[in-house]
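What follows is a set of notes on a single structure, which appears directly below.
The values are calculated or read from the model by the stated rules, or taken from the named source; none is laboratory data. Computed from a prediction, not measured in an experiment: that's the story for all the values here. Virtual Cβ from ideal backbone geometry, glycine too; neighbours counted across all protein chains shown.
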Amino acid sequence: MVPKCGAALSPGALCLAAALNGLLSFGLLAAALGTDYWYLIHVDGAGRNGSAWDGEELSSHSGLWRLCEGQNACMPLIDPFGAESWLVPASLQHLIYMHRAFMILLPLSLILIIFGWICGIIGSLAQISWLLLFTGCYFLLGALLTLSGTSTYICYSKAAFTETVRMYDQQRFDHVHITFGWSLALAWLSLGTEGLAGILLLLAAQGLRLKPDACSAGI
């Protein structure tokens, strides 16, 4: 009795699928980092005894690097690593620490995708199972960094809004609506495809190790 070889997806097909997912993950995360629709603030102008135009002017959207208000030009956000960050009161320094965290984690994950993709291509062409195993774990680590970065950003945004409401009159924010935008959704999609690439590479490494034994086994 000889078991069927190639009944499941071959290591080559798994590596190809992992490479495509890696490219998709890189594109999604790069687009997320480069756009300004992570955090959306919409002001209901009519509710503030103003016009809809006033509401649009007061509304804003922001990314990781800058803030765009109404029809005005975008302005850069405070540099969490710059000298101005030390001028922030001690009671708000935890926001600066959170800002620094996701500003490191998300770009670092993007860099890991590049090196992981290169290692995956080399491991696939050379059919080196241990390199594919390493690269799969590497992609899963990158997915963990993306998860940590996006989660930290969400916590940071909520904490910053809470501090703003605490510092000013609550009634000023009765007609302010806060949502997360499509840039954050792209980062979550990148997280999923990055993790999937890692899983596919782990399966390819396992298939590459078992392939010689499975194809030579017989009774």
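What do you reckon, is Thr135 under 28 Å from Ile41 (Cα atoms) and either among the aromatic types (Phe, Trp, Tyr) or in contact (Cβ under 8 Å) with a residue 40 or more places away in the chain (or both)? Here the answer is no, as Thr135 does not meet what is asked.
Okay, residues lined up against (1) closer than 28 Å to Pro89 by Cα; (2) out of contact with any Gly (no Cβ under 9 Å at 6 or more places or on another chain):
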| residue | (1), (2) |
| --- | --- |
| Gln127 | no, no |
| Ala159 | yes, yes |
| His177 | yes, yes |
| Gly192 | no, yes |
| Leu202 | no, no |
| Arg209 | no, yes |
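Within the range 175-198, being out of contact with any Lys or Arg (no Cβ under 6 Å at 6 or more places or on another chain) and farther than 21 Å from Leu105 by Cα holds for Val176, His177, Ile178, Thr179. Using the structure shown, decide if Ser124 is under 24 Å from Gly34 (Cβ atoms), surrounded by 19 or more Cβ atoms within 10 Å (Cβ to Cβ) and polar (S, T, N, Q). No, not satisfied. Could you tell me whether Ile111 is aliphatic (A, V, I, L, M), closer than 19 Å to Ala31 by Cβ and free of Cβ contacts under 8 Å to residues at least 12 places away in the same chain? Taking the combined requirement at face value, the residue satisfies it. No other residue among Gly123, Gly149, Gly192, Gly116 is within 23 Å of Ala31 (Cα to Cα), assigned to a helix (DSSP H, G or I) and at pLDDT below 95 apart from Gly116.
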